[in-house]
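Below: the structure, in structure tokens.
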């Protein structure tokens with residue numbers, strides 16, 4: 001019997017090789033016409049501005065959006081295994097997931113009502 005880690009190492013080597021090949025192919029075949037606009041930082045359509053000497057402040061909306069993303073990402077992490085084992089869990093699993101989704105929906109409704117999803 002062979003080492004059980006050989007297939008994992010083979011897949012990692014193929015992935016690493018593909019990444020190196022893609023970067024090299026892009027560097028060799030891609031256009032190299034740089035101008036000032038292409039070399040500037042892109043910040044979601046907002047003109048980049050220099051930071052204040054004391055570090056400046058970020059708007060709280062950025063952090064709220066990140067937290068909302070994390071909340072809904074965690075919800076998906078819990079929903080996927082539940083969907084896979086739904087038949088085995090029965091009524092208990094259904095009620096438990098309904099409580100979980102209800103809790104997340106209450107948080108979503110609160111953020112929506114407070115205007116956390118509006119971009120001004």
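FYI, it's all coordinate maths here, none of it is from the lab. Model, not experiment: these values are computed from the prediction. Glycine gets a Cβ as well: all are built from the backbone with ideal geometry, and neighbour counts include every protein chain shown.
If we count other beta carbons within 10 Å of each Cβ, what is the order of 112, 82, fewest first?
112, 82
Hey, got the Cα dimensions of the range 55-114 along the principal axes, in Å, largest first?
53, 22, 10
Among 104, 84, which comes first, then next, by fewest other beta-carbon atoms within 10 Å?
84, 104
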